[in-house]
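Engineer: Submitted below is the structure of interest, expressed as structure tokens.
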Amino acid sequence: VGAASTVATTPAFAPVAATNADTISLPPGYSWRKLIAWGDRLFDTAAPVFDPNTLTRAEQEQRFGQNNDMLALFPATYAFPPAKDQDRMILCANNEYATPDLMYPAITAPSAFTAEHVSAIYAAVGVSVVELERRSEGWRAITNATPGAGRNRRITPFTPVQFSGPAARHPWIAEAARIVNANEPDPGGAPTDAVRCGTMANCAGGYTPWGTYLTAEENFDGFFVGSSRGLDPLRFDDPAFALDESSFAYPAGGFPAALAPRQFNIAENPRGPSLYGWVTEIDPYDSSSTPKKRTALGRCKHECATTALAADGRVAVYMGDDQRDEHVYKFVSRGRFNPADRRANMNLLDDGQLYCAQFLENGQGRWLAITLEAANAAAEREESPIRFRDEGDLLVRVRDAARLLGATPMDRPEDVEAVCDANWRGLGPVLIVCTNNIERGFEHPGSPRRESDRPTSAQNNLTGHILRIDEAGGDCAAEAFLWDVFVMAGDPNSMALTARTRGGPLAHVSTAYKGAPTISGDRFACPDNIFIDSTHRVWIATDGGDSVFADCNDSVLCTPVNAEGPRVMKRFLVGPVGSEICGPLMAPDERAFLCAVQHPGANDVAGTDFSQLRWLGEPATSHFPDGGDSWPRSAVVIVTRDDGGRIGD
Ligand code: FEO
Ligand code: CA
Ligand code: CA
Ligand code: CA
């Protein structure tokens with residue numbers, strides 16, 4: 001494995017001990033505060049005090065959404081490269097999903113939800129954009145007088161968006177768009193070809209050198225209700241997402257399915273799911289801009305969309321498809337980034353080559369070009385009944401294409417981050433976070449090439465790992481790479497746990513675990529989102545680590561990218577009870593660390609899901625961030641050093 005040009009050092013802070021405390025726990029010398037939380041108003045037109053029990057769709061559309069995930073910061077004035085010192089910035093946050101159990105404290109039974117509640121629940125999902133201002137006391141979120149008066153904005157599953165790129169006119173999308181637009185009133189001001197389906201299931205994402213936000217639509221299937229049973233199978237042939245009634249789990253323990261808006265009922269809108277699973281690009285500088293679904297990047301359960309510039313100025317976008325045994329993708333634009341003309345870059349993501357990753361046993365790897373000719377030839381070779389009609393069809397069903405072409409099934413690839421220089425140029429090393437895989441090798445319904453080899457549980461990867469690839473020639477546009485294991489998660493002191501992950505193939509490549517670096521320092525499990533800072537330290541946020549190691553809530557850990565030997569892990573932050581930590585990020589001057597605390601109170605310390613406790617009348621299991629006996633709220637927190645120094649030094 002080649003070395004990055006800057007050698008990162010182990011961070012200087014004293015690691016945080018494992019804890020189940022219902023707060024943010026930090027090293028000595030560091031402090032946190034809430035930046036913004038679910039329900040905080042974005043506009044002066046909303047009521048000053050948030051009362052979740054009276055939340056309507058119209059109120060939620062003026063307030064920060066729930067279950068925040070990906071975070072990105074944009075300087076208030078665009079420049080490339082961004083200046084390090086900023087006093088005003090724009091924060092973009094994904095609101096991945098909404099937890100009905102955690103929204104209306106006064107509701108005592110699922111039958112008490114009304115259609116008004118349910119439309120507010122959907123409106124809590126999507127993206128929240130909010131301006132930040134640095135005052136003497138530090139960074140604060142600010143309100144705008146009215147929607148449209150500044151950069152603050154909510155984008156929900158009802159917001160008008162445009163489809164662009166090769167699949168924009170796909171017949172499934174056209175059919176679903178007609179149903180959505182017939183059901184959802186036109187708010188006015190959007191282009192005539194806009195579809196009022198907004199964005200949802202916004203997990204991680206990315207941001208571009210031209211100052212736009214990329215939000216990745218992940219588990220969109222879970223937002224649809226109803227049953228496909230009885231539907232004409234020819235009108236319901238989207239098997240890569242297993243979109244049958246078993247997937248429509250969103251209302252379980254929450255609201256009656258019949259209350260969902262019509263466009264989310266699969267019986268009424270069987271092609272509705274084709275409107276989601278895309279990477280959606282948002283211009284945070286213009287709150288009246290129409291978000292664009294970039295279909296050239298393919299449709300899957302997109303976890304992230306991380307950009308890096310290739311040596312010749314083309315733009316690479318790395319993407320994980322977070323489902324067991326799904327794949328890693330890379331898009332390389334045809335055009336080049338123009339740092340002198342922001343507007344010239346706005347449609348770069350509509351035209352380029354999409355690749356899927358194939359990991360070979362010898363430590364080499366290939367980016368396989370996903371083309372119509374190659375995919376149909378592979379289908380013929382594999383005697384698959386699948387044929388792709390055109391490039392749009394290929395992108396709508398890109399999972400099938402990747403599988404046929406020989407992409408390597410992965411252990412739930414979540415975030416992917418490239419090591420870049422100060423000018424966004426990828427240096428070659430790229431980290432791929434595989435959170436876990438508890439069903440390695442099992443057959444998935446409807447998927448054509450799932451081998452049903454019924455592995456024993458010893459093959460399961462319970463704790464996850466992070467892979468490192470090094471792009472050939474240190475160029476993000478390369479079609480070949482070397483790969484290795486960056487770190488195995490798990491407990492270095494417990495052979496039982498590591499044996500479970502070492503017993504089976506990694507990414508279905510059997511030699512991978514030999515010599516894989518283990519951890520020295522703090523144990524962790526289920527890595528999810530990562531951030532690589534300017535000195536190439538990696539900040540790793542976990543999701544579900546508390547279900548493996550019950551003595552510690554989900555956390556953020558730090559380690560250098562390119563140290564040799566056992567990887568020294570230092571726990572930097574522990575979240576409150578029942579939360580996962582997402583969106584690790586630093587301000588441009590690296591004197592503030594931000595992260596998203598998602599779904600505090602979703603489970604208790606013993607791991608029992610709150611949805612099982614809630615309707616039995618049990619009290620909230622977390623009171624984050626407001627404390628006392630308050631109702632828990634997802635929140636963005638900001639961490640600074642008490643002496644004002646750089647985070648980690
Ligand atoms: Fe939304 Fe894969 O995490
Ligand atoms: Ca995630
Ligand atoms: Ca990330
Ligand atoms: Ca996750």
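The values are calculated or read from the model by the stated rules, or taken from the named source; none is laboratory data. Here the structure is a predicted model, which means the values were calculated and not measured. Cβ placement follows ideal geometry from the backbone for every residue including glycine, while neighbour counts extend to all protein chains displayed.
Engineer: Examine the stretch 88-109 for a residue that is buried (at least 18 other Cβ atoms within 10 Å of the Cβ), β-branched (Val, Ile, Thr), within 20 Å of Asp629 (Cα to Cα) and within 16 Å of ligand 1 (Cβ to nearest atom), and state whether such a residue exists.
Structural biologist: The answer is yes, given that some residue of the stretch 88-109 is buried (at least 18 other Cβ atoms within 10 Å of the Cβ), β-branched (Val, Ile, Thr), within 20 Å of Asp629 (Cα to Cα) and within 16 Å of ligand 1 (Cβ to nearest atom).
Engineer: Only one of (1) over 22 Å from the mean Cα position of the chain (by Cα); (2) surrounded by 24 or more Cβ atoms within 10 Å (Cβ to Cβ) fails for Arg140. Which number is that?
Structural biologist: Answer for Arg140: the failing condition is (2).
Engineer: How about the stretch 16-41: which of its residues are in contact with a Ser or Thr (Cβ under 6 Å, 6 or more places away or on another chain) and of a type in the set (A, V, I, L, M, F, W, C)?
Structural biologist: Val16, Trp38, listed by residue number.
Engineer: Condition (residue is among the hydrophobic types (A, V, I, L, M, F, W, C), at pLDDT below 95 and crowded, with 23+ Cβ neighbours inside 10 Å) applied to the stretch 226-234: is it met by at least one residue?
Structural biologist: No, the stretch 226-234 contains no residue that is among the hydrophobic types (A, V, I, L, M, F, W, C), at pLDDT below 95 and crowded, with 23+ Cβ neighbours inside 10 Å.
Engineer: Any idea which residue in the stretch 593-648 is nearest to Asp101 (Cα to Cα), counting only those that are basic (Lys, Arg) and surrounded by fewer than 23 Cβ atoms within 10 Å (Cβ to Cβ)?
Structural biologist: Among residues in the stretch 593-648 that are basic (Lys, Arg) and surrounded by fewer than 23 Cβ atoms within 10 Å (Cβ to Cβ), the one nearest to Asp101 (Cα to Cα) is Arg641.
Engineer: Turning to a different aspect of this structure: Go through the stretch 408-435 and count every residue that is under 20 Å from Ala310 (Cβ atoms) and within 16 Å of ligand 2 (Cβ to nearest atom).
Structural biologist: Result for the stretch 408-435: 4.
Engineer: Does Ala344 count as modelled with pLDDT of 95 or more, among the small types (Gly, Ala, Ser), surrounded by 18 or more Cβ atoms within 10 Å (Cβ to Cβ) and on the phi < 0 side of the Ramachandran plot?
Structural biologist: No: the conditions fail for Ala344.
Engineer: Residue under question is Ala316, and the condition is that it be surrounded by fewer than 24 Cβ atoms within 10 Å (Cβ to Cβ) and either more than 21 Å from Leu275 (Cα to Cα) or more than 16 Å from ligand 4 (Cβ to nearest atom) (or both); does it hold?
Structural biologist: Spelling it out, it is not the case that Ala316 is surrounded by fewer than 24 Cβ atoms within 10 Å (Cβ to Cβ) and either more than 21 Å from Leu275 (Cα to Cα) or more than 16 Å from ligand 4 (Cβ to nearest atom) (or both).
Engineer: Condition check: in a loop (DSSP other than H, G, I, E, B) and either modelled with pLDDT under 90 or surrounded by fewer than 24 Cβ atoms within 10 Å (Cβ to Cβ) (or both). Does Gly222 satisfy that?
Structural biologist: Answer is no for this residue.
Engineer: For Leu431, are the conditions met, namely being at pLDDT 90 or above, out of contact with any Lys or Arg (no Cβ under 6 Å at 6 or more places or on another chain) and part of a strand (DSSP E or B)?
Structural biologist: The answer is no for Leu431.
Engineer: Which residue pairs have Cβ atoms closer than 7 Å, lie 6 or more positions apart in sequence or on different chains, and pair a first residue in the stretch 313-341 that is among the basic types (Lys, Arg) with a second residue that is part of a loop (DSSP other than H, G, I, E, B)?
Structural biologist: Pairs that qualify, where the first residue is among the basic types (Lys, Arg) and the partner is part of a loop (DSSP other than H, G, I, E, B), are Arg314/Ala477; Arg324/Arg412; Arg324/Glu439; Arg334/Asp351; Arg336/Asp312; Arg336/Gly313.
Engineer: Considering only the stretch 449-468, I want to know if a residue exists there that is among the acidic types (Asp, Glu) and modelled with pLDDT of 85 or more.
Structural biologist: no
Engineer: Which of (1) touching a residue at least 40 places away in the same chain (Cβ under 8 Å); (2) surrounded by fewer than 19 Cβ atoms within 10 Å (Cβ to Cβ) does Thr54 not meet, given it meets every other one?
Structural biologist: Among (1) touching a residue at least 40 places away in the same chain (Cβ under 8 Å); (2) surrounded by fewer than 19 Cβ atoms within 10 Å (Cβ to Cβ), the lone unmet condition for Thr54 is (1).
Engineer: Additional query: Scan (1) of a type in the set (Ser, Thr, Tyr); (2) more than 16 Å from ligand 2 (Cβ to nearest atom); (3) touching a Ser or Thr at 6+ places or on another chain (Cβ under 6 Å); (4) within 30 Å of Leu462 (Cβ to Cβ) for the single condition Tyr355 breaks and write down its number.
Structural biologist: Tallying (1) of a type in the set (Ser, Thr, Tyr); (2) more than 16 Å from ligand 2 (Cβ to nearest atom); (3) touching a Ser or Thr at 6+ places or on another chain (Cβ under 6 Å); (4) within 30 Å of Leu462 (Cβ to Cβ), Tyr355 fails exactly one: (3).
Engineer: Could you run through the stretch 272-305 and say how many residues are closer than 21 Å to Val332 by Cβ, more than 16 Å from ligand 4 (Cβ to nearest atom) and either out of contact with any helix residue (DSSP H, G or I) (no Cβ under 8 Å at 6 or more places or on another chain) or in a strand (DSSP E or B) (or both)?
Structural biologist: Residues in the stretch 272-305 being closer than 21 Å to Val332 by Cβ, more than 16 Å from ligand 4 (Cβ to nearest atom) and either out of contact with any helix residue (DSSP H, G or I) (no Cβ under 8 Å at 6 or more places or on another chain) or in a strand (DSSP E or B) (or both): 6 in total.
Engineer: Select from the stretch 546-575 the residues that are crowded, with 24+ Cβ neighbours inside 10 Å and either closer than 25 Å to Thr215 by Cβ or within 14 Å of ligand 4 (Cβ to nearest atom) (or both) and list them in ascending order.
Structural biologist: Asp546, Asp554, Ser555, Val556, Leu573, Gly575
Engineer: Among the residues of the stretch 177-184, is any away from ligand 4 (no atom under 16 Å from the Cβ), buried (at least 22 other Cβ atoms within 10 Å of the Cβ) and in a loop (DSSP other than H, G, I, E, B)?
Structural biologist: No, the stretch 177-184 has no match at all.
Engineer: Now a separate question. Test Thr114 against the stated conditions and say whether it is among the hydroxyl-bearing types (Ser, Thr, Tyr), away from ligand 1 (no atom under 16 Å from the Cβ) and at negative phi.
Structural biologist: yes
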